[in-house]
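A.B. asks: Handing you a structure now.
The values are calculated or read from the model by the stated rules, or taken from the named source; none is laboratory data. Only a predicted model underlies this, so the values are computations on that prediction, with no experimental measurement involved. In this analysis, Cβ positions are derived from the backbone assuming ideal geometry, glycine residues included, and neighbour counts consider all displayed protein chains. In case anyone asks, the SASA skips ligands and DNA or RNA and just uses the protein heavy atoms, side chains included. Shrake-Rupley method; radii C 1.70, N 1.55, O 1.52, S 1.80 Å.
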Amino acid sequence: MSHSSDRTNRLSHESSPYLLLHAHNPVDWFPWGPEALAKAKAEDKPIFLSVGYSTCFWCHVMERESFSDPAIAGLMNEEFVNIKVDREERLDLDEIYMLATQLLTGQGGWPNSVFLTPELKPFFAGTYFPPIDSRGMPGFPTVLRSMIHAWKERRADVEQQGEELADSIRRHLTEIESFPGELPASGPADKAFASLRERFDATWGGFGGAPKFPTPSNLFHLLSFASPHPDEPSPPSAPSAEERADRSNIAVMMLTSSLDGMSRGGLYDQLAGGFHRYATDREWKIPHFEKMLYDNGLLLEVYARELERSGSAEAERIVRETAQFLASEMTAPEGAFWSAIDAETGGREGAYYVWTRDELDLALGTEGAAFLAPIFGFDGEPFFEENRFVLHLPRALDLRAKERRLTREELLADIAPLRAKLLAARFRRRRPATDDKILADWNGIAIGGLAVAGKILRDEAIVAQAARAADFVLENLRAADGVLLHSFRGGAGKIPAVISDYAFLIRGLLRLHEATGSSRYLENAVRLSDEQVRRLGSSNGGFYNVAEADDLLVRGKEIFDGALPAANGISAENFLDLAAATGEVRFRDLAERTLRAFAPIVDRHPEGAKTMALALARFARFPRASVGSRAGSVSNAGSLRSAAGGVAEPRFSVKGEGGNPGALDSAAQAVVKLTMRSAEHEEDGWIRVRLLVEVAEGWHLDADLQLEGFDLELDPAATTYPEPATISAPGTSLDQQAFLGEFEISARARASEPGKRMGELQLTYQACDDHRCLPPAHQAIEIPA
């Protein structure tokens, strides 16, 4: 229960909407900074660090249940220094302490609840805690009392745990090795493509089961194989023309199926345009309703490039509607873009977006509702909480038009007035909160998406949207010394830029330069690249996530893709673009140094580093003769400095669909144990195997399990799974199919060629508990010879 109060704490002086949400809590919150850290040391108290963001549903729940409770707040205030962090402002702190949670628990998520020593070393962590002990989960007061006891009675153990965990975090985030010799070319990109092919959902599009994320890095990877970027004359190399053609056809199939499923599902807002964060089901039907600027900017570009590739009328619809959504619902009066729109209204997930049948009938009238019901998917039984519908397109508009003997344009014309009635009815509802922070990196993503879309559509108004935002960011998100800033709100910028700010803003400016021909945007891209090298460059190659600071345990380097493509991979691409645009060889050298720094990791884990894998393939094709010292350069910013060039997703953290392989393996081992129960040899080299799957208590696996074979032949007819159980989704009236406890899978396999060594079986699964779902994970097991 939330308690309103006139009292405020220190967060009332902050600009972050997420921090301001907690400004009236009875908790004596501090923002991260010298005051809080000095207090912890002076009073020898542990720190309770709570990290979240404004559109995080469970962050809101914990704020109402625990942080608004005076009794819980009293315990926190007496024994801890309590610090609240907005992860969208402090990406560096989020990365470090999310990794701590993953290392301690095998999983991650927000809100992230971490207990630290005064020296900032984490010793205990979790995510959401309920206000009382329930369903086997300790309540937050129980956790607090346990931490108090540990701090006072077992101090040496606590400090040892903190030291060991801090060392582990440093190893995870700093150990990279430069790649000697010739860089790998298309190999990592090819392997990443193969991993997508293995995980592709042939029925509904996308990858894996529920929850299902758009993951733009996957889609950009498919685009690169389906059709090359304009400055890349061929897709990544393959052994033969036939294989290249076959792979291109497969990429097109996976791409179009995924884009179609996403745009027809509830993931896409069928009334106002724009994409929600992810789908809670395999069919893209029921979304988690928050809308993020970065998702919409990246997906806008993906659909625009698909329009360019295929001429798809549906892709054009999504591009135009998403650009309009950004203009009408996420644009500040000054022209830059706000960060996010909340998932909940009045404590109810999706309340603004979902409909009862009575509400639809009232808004549309009997005739209008009867016409629109099969088109927008509310002609059957309600399938969301409280007997509500999520509007979606069960069948493609082209097929609906054909069924009704109409052209696509005629059907859309018939839908338009009914859609307007629903929008008018929705506009009368209480709107979800908008996080009106202006972030440099997310604005860069939106600028790039709009610039690409406007150029492909030849729509000057859409390009002008991008230019207004770019002009605002370049003018206002700068410190007194000229350094780029990460965040802007309430008339002021704050927090020096991090690697993602440089990577995505530079990328957006380069796309805007291509769309407008204005040298101003290219000049600023060059200036910001030089600033990135100076502030974040590593002598070992690549770029640190943040500049040096006394209050950080470690500076990591973003390598793996997650909800966003990896910033170091984007930077490598930017340097190649700059080399082509300016003719300056130093940018090609920066690209090479960046790629060389991370190539060993990319070569080992290409499925997690698709952006970097594509940059490696592009670098191998990049014509050396196209760059060099030439007249007319836009900048004489100087020679290459010695420090130059150098999960969440996954950045050794789990932040969505992607994840660092090591972090994913850790989570999988914590939740699921896979063992070989028996292996019986049959004729013709076949081996019949029985696998035992053990799911940890409190967890279940999505019913969409997939058993695949690597370097072996698997008999699909002989692969059998048990019947899944029916369980209720927590807090809803929905049922779902899932696997719990122990169960067995049987299969029949043999070596792919006579005399060849047996390969491995791999189980792909999605593990969930009552409050979160881990990213899709894989476990492999070798078949004995």
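A.B. asks: So I have (i) 38.7, 122; (ii) 26.1, 78; (iii) 34.1, 108, and one of them is Rg and Dmax of the Cα atoms in Å calculated from this model. Which one is it?
C.D. replies: (ii)
A.B. asks: ILE570 accessible area, nearest 10 Å², 1.4 Å probe?
C.D. replies: Surface open to solvent at ILE570 totals about 10 Å².
A.B. asks: With a 1.4 Å probe and all protein chains left in place, how much of the accessible area of the range 237-383 comes from carbon and sulfur atoms, in whole percent?
C.D. replies: Carbon-and-sulfur percentage of accessible area, whole number: 49.
A.B. asks: Roll a 1.4 Å probe over the protein heavy atoms and report the accessible area of MET147 in Å², nearest 10.
C.D. replies: Accessible surface of MET147 is approximately 10 Å².
A.B. asks: Could you work out [θ]222 nm for the chain from helices alone, using -39500 (n - 2.57) per DSSP H run of at least four and dividing by all its residues? Round to the nearest 500 deg cm²/dmol.
C.D. replies: It comes out at -14000 deg cm²/dmol, rounded to the nearest 500.
A.B. asks: Provide the packing ranking of 559-567, 357-365, i.e. peptides ordered by the mean count of other C-beta atoms within 10 Å per residue, highest first.
C.D. replies: Order by mean packing, descending: 559-567, 357-365.
A.B. asks: By the gyration tensor of its Cα atoms, with a ≥ b ≥ c the square roots of the eigenvalues, what is the shape of the range 5-67: rounded for a/c under 1.5, prolate for a/b over b/c, or oblate?
C.D. replies: Cα axes put the range 5-67 in the prolate bin.
A.B. asks: Tabulate in residue order the Karplus-calculated ³J(HN,Hα) for the range 85-92, using 6.51 cos²θ - 1.76 cosθ + 1.60 with θ = phi - 60°, rounded to whole Hz; enter x for Gly and Pro.
C.D. replies: Result, ordered by residue: 10, 8, 4, 6, 8, 10, 4, 5 Hz.
A.B. asks: Please list the non-local residues whose amide H lies under 5 Å from the amide H of ALA343, H modeled 1.01 Å from N, same-chain partners needing a gap of 5 or more.
C.D. replies: Under 5 Å from the amide H of ALA343: GLU290.
A.B. asks: Heavy-atom accessible area of GLU531 with all protein chains present, probe 1.4 Å, nearest 10 Å²?
C.D. replies: Looks like 10 Å² after rounding.
A.B. asks: Sticking with this structure for a sec: With every protein chain kept in place and ligands, DNA and RNA left out, what is the accessible area per residue of the range 47-96? Probe 1.4 Å, answer in Å².
C.D. replies: Per-residue accessible area for the range 47-96 comes out at 21 Å².
A.B. asks: From Cα pairs below 8 angstrom and at least 6 apart in sequence, can you work out the relative contact order of the range 15-127, rounded to a whole percent?
C.D. replies: The normalised contact order for the range 15-127 reaches 34 percent.
A.B. asks: Still on this structure, please answer the following. Output wanted: per-residue J couplings in Hz (rounded whole) for the range 195-203, from phi through Karplus 6.51 cos²θ - 1.76 cosθ + 1.60, θ = phi - 60°, x for Gly and Pro.
C.D. replies: Listing the rounded values in order: 5, 5, 4, 5, 9, 5, 8, 5, 7 Hz.
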